[in-house]
Amino acid sequence: MIDLHTHSTASDGTLRPEELVELAAERGLSAMALTDHDTVAGIPTALERGEARGLHIIPGVELGIRWEGGGKMHLLGYYVRHQDGGLGERLGWLCDRRRERAQRIVEKLNAAGIQISFAQVEEIASGQFIGRPHLARALMEAGVVSNMGEAFGRFLNPGRPGYEDKEELGPEEAIKLLKSVGAVAVLAHPRTLKLDAAGLARCVEELKSYGLDGLEAIWSGHSREQMSAYKTLAKQMNLLVTGGSDFHGENKPDIKLGSGRRNNVQVPDSVLEALRERRTPPAPSGR
């Protein structure tokens, strides 16, 4: 079995990349994709540990998308050429915008009487990437809330005192970026778009026109019926079916690596074979 959706401390997970690879090996996975949000910083370490453990590591990334249709759209990129300078520059811009967003959230929380500092959030994040889970941890450490769910529900979700929009790529731009570095582009967890069947079909058709390769039909937050429907849609549109747990460690403790929530994620090795066939090899260098 494989897991094509995981997060490390390079973004908003709680395991370092090498620890994540060790856990995947212990769980008996044959392959794992590291798909941190808007960063590929953890990939070199994951690749090195994967080679040592005999575990195939797929270099990946998850991009947040600014979508006019509303909802919450994310795109997964698999087999990214993670050392590409253009990719690094664009992801660096996104991480800078995340930091600025986190600073504004702290200011909003301070104005609401919540005493946390941006320095605390930076220390919790311990890296370039700063996301809302790090702010939630700061609220927990300050004794304002008792758990992550309460932090998001009371302060960090849309409509709450500390919510702040973030700057993101548009879908066409994001897919173009992924394809430029040889990646296979996949729509992550389609349920989160909150569309009916017809609306989702139109959305996927649009994304396919930009170069979308697949749908993440198998995901911890999908019901069995939804997984079946998304697989059918992918087949109808000649798209790949992929899947993963969306593992974040203790930031989402009910989701287990390789098996999802209550063992509802089972991704066979055949999915990896299809991914490999779809990836774009680097162009030959000229003389």
Karplus ³J(HN,Hα) for the stretch 231-245 (6.51 cos²θ - 1.76 cosθ + 1.60, θ = phi - 60°; Hz, whole; x = Gly/Pro) runs 5, 5, 4, 4, 5, 4, 9, 6, 10, 5, 9, 10, x, x, 7
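Any chance you could tell me what percent of the C-alpha pair distances in the chain go past 31 Å?
On the way: 10407 of 41041 pairs.
Tail of P(r) above 31 Å: 25 percent of Cα pairs.
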Given backbone amide H placed at 1.01 Å from N, residues whose amide H is under 5 Å from that of LEU169, ignoring those fewer than 5 places away on the same chain, are ARG66
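May I ask what percent, to the nearest 5, of DSSP beta bridges between residues of the chain are antiparallel? Spell out each step's value before the answer.
Details: 12 of 29 bridges.
Of the beta bridges lying entirely in the chain, close to 40 percent run antiparallel.
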Given pairs LYS72/LYS252; LYS179/LYS208; LYS72/LYS166; LYS108/LYS252; LYS208/LYS235 and cut-off 20 Å on Cα-Cα distance, the over-length ones are LYS108/LYS252
Taking a crude spin-label model, label points 7 Å out from Cα along the C-beta direction, the SER146 to ALA198 distance in nm is 4.6
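Please sort by residue number the chymotrypsin sites (Phe, Trp or Tyr not before Pro) in the stretch 80-175 whose DSSP state is loop and whose Cβ has at most 16 other Cβ atoms within 10 Å.
Values: sites: TRP93, PHE118, PHE129, PHE152, PHE155, TYR163; in loops: PHE129, TYR163.
Here the sparse-neighbourhood loop sites are TYR163.
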With 0.36 nm assigned to each residue of separation and the Cα-Cα distance removed, ALA274 to GLN103 gains 57.4 nm
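What trypsin sites (Lys or Arg not before Pro) in the stretch 235-281 are in a loop by DSSP, with at most 10 other Cβ atoms within 10 Å of the Cβ?
Here the trypsin sites (Lys or Arg not before Pro) that fit, given the DSSP loop and packing criteria, are ARG262.
Can you tell me the FRET efficiency between ALA112 and GLU250 if r is taken as the Cβ-Cβ distance and R0 is 25 Å, rounded to the nearest 0.05?
Efficiency computed from Cβ-Cβ geometry: 0.45.
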GNM of the chain, Cα pairs under 10 angstrom: of GLY221, GLY85, GLY50, the biggest fluctuation goes to GLY85
For the stretch 33-115, percent of DSSP beta bridges that are antiparallel (nearest 5) comes out at 65
Residues meeting the amide H criterion for ILE58 (H placed from the backbone, H to H distance under 5 Å, 5 or more places apart or on another chain) are MET32, ALA33, LEU34
Helix 85-111: inclination vs the chain longest Cα principal axis, degrees, rounded to 10, gives 30
Nearest 10, in degrees from 0 to 90: the angle of helix 171-180 to the longest Cα principal axis of the chain is 60
Computed over the stretch 130-287, the relative contact order (Cα-Cα under 8 Å, seq sep at least six) in percent reads 17
Comparing LEU187, LEU200, LEU139 in a Gaussian network model of the chain (Cα, 10 Å), the one with the largest mean-square fluctuation is LEU200
Longest principal axis of the chain (C-alpha) makes with the long axis of helix 132-141 (C-alpha) an angle, in degrees to the nearest 10, of 40
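Here, each number is a calculation from the coordinates, and none is a lab measurement. Because the structure is predicted, anything quoted here is derived from the model rather than measured. Here Cβ is always computed from backbone atoms with ideal geometry, including for glycine, and neighbour counts include all displayed protein chains.
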